[in-house]
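Computed from the coordinates by the stated procedures, all read-outs in this text should not be read as laboratory data. As the structure is a prediction and not an experimental result, all values here were calculated from the model. A quick note on method: Cβ atoms are made from the backbone with ideal geometry, for glycine too, and the neighbour counts reach across all protein chains shown.
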Amino acid sequence: MGCTCTCTPSSLLPSFPPRPRPPPHFATAHFVPRRSKHLTPSHSFRFSALPLISQGNGGGGGNNNNSNGGGWGYPFDSGDSGSRHTLFLSLLFSSAVCCFCHLFLVKFAKAKNWSSENEVLSESVWEVKGGKRTRLVPDHVKDAFVSAQPGLFSELSSLNASQVPSFLWFKCRGILMRLMLPEGFPDSVTSDYLEYSLWRGVQGVASQVSGVLATQSLLYAVGLGKGAIPTAAAINWVLKDGIGYLSKIMLSNFGRHFDVNPKGWRLFADLLENAAFGLEMSTPAFPQFFVLIGAVAGASRSAASLIQASTRSCFYAGFAAQRNFAEVIAKGEVQGMASRFVGILIGIGLGNCMGSSTPLVLASFSVVTWIHMYCNLKSYQSIQLRTLNPHRASLVFSEYLLSGQAPPVKEVNDEEPLFPAVPILSATFASKAQSVDLSSEAKDAAAEIEHRLQLGSKLSEIVNCKEDALALFGLYKNEGYILSEHMGKFCVVLKENCSQLDMLKALFQVNYLYWLEKNAGIGGKGILNDSKPGGRLHMSLDYVEREFNHVRNDGESVGWVTDGLIARPLPNRIREGNTASLNSVSS
């Protein structure tokens, strides 16, 4: 049966681009031309599906055998109009469902976010500024958080007449705390800061009262109220202060002493200051010795001011619990200015009442001096130094060797003497509180060790032969020090590269040597024997190598600063050479 084909003019057929040729760098054999096959479609091919021959509704020309009408055609359908309508309705319904689901999910997400925001806003929000807390509530009109606390005048209007004084006192106290205390008090400082500041405030008042009375006496001594020449008075005053400045220059060489025992030196400075005030008050009775008495008093006051300024930094460094060192100093100056202002007012009042009567001035000075020194003593006893000097370190190490635990900071500071070099004064000003965590054995050990310790010894004083020197250098070849016992003294020879941590380690070994001597009965048998395995020096060094980091960690856990020893060693140092060719021992 023949195949009938309808001829169509070539102008009605779409133009197709020619088949591309293979690129020149590919072989032509790789491309196989497609053979044209005569395909018999399942239905007659409809040219009406092409937009070029679409001519409206029903037109197609006499040569078109398609009776389905003109317009856009669907080459993938079977020609049934019902199936096309079903497909269109399905697509429309699917689109509507997708839009509805999308809107529902958006609305649900917004509702969830709004509920979470409400939960957050329903909770209390606080603004913390230093030690002050302010509750904040949301203001939806301003779109911001505002303070929930009413203003000062609204609070006053809402109070009864009996509540106003307490309210004003509370507000004034808050202002004074912000002015006088570091921001974030009491969390920003240590626990001993407040007690120290209170006692210092009272002593500052007493000090200024003495200063006003002393200045008044000096003015009477130079004849201010008796017609003296102002120039002569000025010259005497300049000479008095100029000679006094020399003491500050000479005393600066003892700065290392102030770091080791700041409490005792600070109390000694207060004694000097009060002695200077007493000398100045006695000048009206001896006006002919004005320059001499004034110079001695000026020297004492200059020395006292230098010691006070040097030791103040040690105290403030311990108070700065949050590294707010500068702020603690600034607030300390503010507290000092406030106490001095009150003291000046009281001193002026006392001066007007007593006039030029020297006995009354001295009697008042005696009472004020007693108040001044007592407050100073209580303020220094309240300080808890966290650095380790020889005495505090010996207390910590001795208690660790006896009980296995490092004692707390407060217990050790309460037991430390203010004047280690003067036992009588130390016993007089000692704290009466009984220590709980420190045993009597540890206290006795610390006192004896400090007495027998000698940091910075000369090697030539403890070594008598070449063998002893080689034994010590071999034992301590990896350490920054050399330790030996000589004539009952624990002699620590410091190497040139010795650090503060090395000195702390040497002191720990000294404490263990003392423990071996008192509790194990192991005494010295000479440097050579003690340096051998099983000897006292060798045994103690092995123990220190094992336990030194443990005792440091235990000390840090209770608040101690264990990065080194604050000490004043002798200036002797040694430099190691070639010990293998050592022929003579020299220092």
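If you take every residue apart from Asp542 with its C-beta less than 15 Å away from the C-beta of Asp542, what net charge results, scoring Lys and Arg +1 and Asp and Glu -1? Write down the numbers at each step before the final one.
Working: positive: Lys477, Lys505, Lys532, Arg536, Arg546; negative: Glu479, Asp530, Glu545, Glu547.
Its environment carries a net charge of +1.
Spelling out what I want: for every residue of the range 373-380, take phi, set θ = phi - 60°, compute 6.51 cos²θ - 1.76 cosθ + 1.60 (Karplus), and round to whole Hz; glycine and proline get x.
Those phi angles translate into 5, 5, 5, 4, 4, 5, 5, 6 Hz.
Per residue of the range 262-271, in order, report the coupling 6.51 cos²θ - 1.76 cosθ + 1.60 (Karplus, θ = phi - 60°) as ³J(HN,Hα) in whole Hz, putting x for Gly and Pro.
Each residue of the range 262-271 in turn: x, 5, x, 5, 5, 5, 5, 5, 5, 5 Hz.
Three principal axis extents, largest first, for the C-alpha atoms of the range 448-587, in Å?
That gives 49, 33, 26 Å along the principal axes, largest extent first.
Once you put a point 7 Å from the Cα of Ala309 and another 7 Å from the Cα of Lys477, both along the Cβ direction, what distance in nm separates them?
Each label point lies 7 Å from its Cα, and together they span 5.0 nm.
Using r as the Cβ-Cβ distance of Glu547 and His486, and R0 as 22 Å, what FRET efficiency do you calculate, to the nearest 0.05?
Values: r = 25 Å, r/R0 = 1.13.
Efficiency, from the Cβ-Cβ distance: 0.30.
In whole Å, how far is the Cα centre of the range 315-374 from that of the range 269-299?
Between the Cα centre of the range 315-374 and that of the range 269-299, the gap is 19 Å.
Between Ser94 and Ile344, what is 0.36 nm times their sequence separation minus the Cα-Cα distance? Round to one decimal in nm.
Values: separation 250, 0.36 × 250 = 90.00 nm, distance 9.24 nm.
Roughly 80.8 nm would be gained on extension.
Among the listed pairs Lys331/Lys378; Lys263/Lys410; Lys466/Lys532; Lys248/Lys410; Lys458/Lys525, give every one whose C-alpha distance is greater than 23 Å. Don't skip to the answer; put the middle values down first.
Working: Lys331/Lys378 20 Å; Lys263/Lys410 14 Å; Lys466/Lys532 15 Å; Lys248/Lys410 33 Å; Lys458/Lys525 21 Å.
Over 23 Å Cα-Cα: Lys248/Lys410.
If you take the square roots of the eigenvalues of the alpha-carbon gyration tensor of the range 464-520 and sort them as a ≥ b ≥ c, do you get rounded (a/c under 1.5), prolate (a/b over b/c) or oblate?
Numbers: a/c = 1.99, a/b = 1.15, b/c = 1.74.
Cα axes put the range 464-520 in the oblate bin.
Between His538 and Glu556, what length in nm is gained on full extension when 0.36 nm per residue of separation is reduced by their alpha carbon distance? Write out the running numbers ahead of the final one.
Values: separation 18, 0.36 × 18 = 6.48 nm, distance 2.73 nm.
Value of the extension gain: 3.7 nm.
Net charge around Tyr476, counting only other residues with Cβ within less than 13 Å of its Cβ (Lys, Arg = +1; Asp, Glu = -1)? Show your work: numbers first, answer last.
Values: positive: Lys477, Lys495, Lys505; negative: Asp468, Glu479, Asp502, Asp530, Asp542, Glu545, Glu576.
Combined, the nearby Lys, Arg, Asp and Glu give -4.
Around His486, which amide H atoms from residues at least 5 apart in sequence, or from another chain, sit under 5 Å from its own amide H, with H modelled in the peptide plane?
Residues meeting the criterion, in which the H sits 1.01 Å from N, are Cys491.
Whose amide H sits under 5 Å from the amide H of Leu453, counting only residues 5 or more places off or on another chain, with H placed in the peptide plane?
Correct list: Phe490.
Taking θ = phi - 60°, what integer Hz values does the Karplus form 6.51 cos²θ - 1.76 cosθ + 1.60 yield along the range 288-303, in sequence order, with x for Gly and Pro?
Working through the residues one at a time gives 5, 9, 4, 5, 5, 5, x, 5, 5, 5, x, 5, 5, 5, 5, 4 Hz.
Quick one: length gained pulling Ala520 to Leu103 fully straight, 0.36 nm per residue minus the C-alpha distance? All intermediate terms of the calculation are to be shown ahead of the outcome.
Values: separation 417, 0.36 × 417 = 150.12 nm, distance 8.69 nm.
Additional length available on full extension: 141.4 nm.
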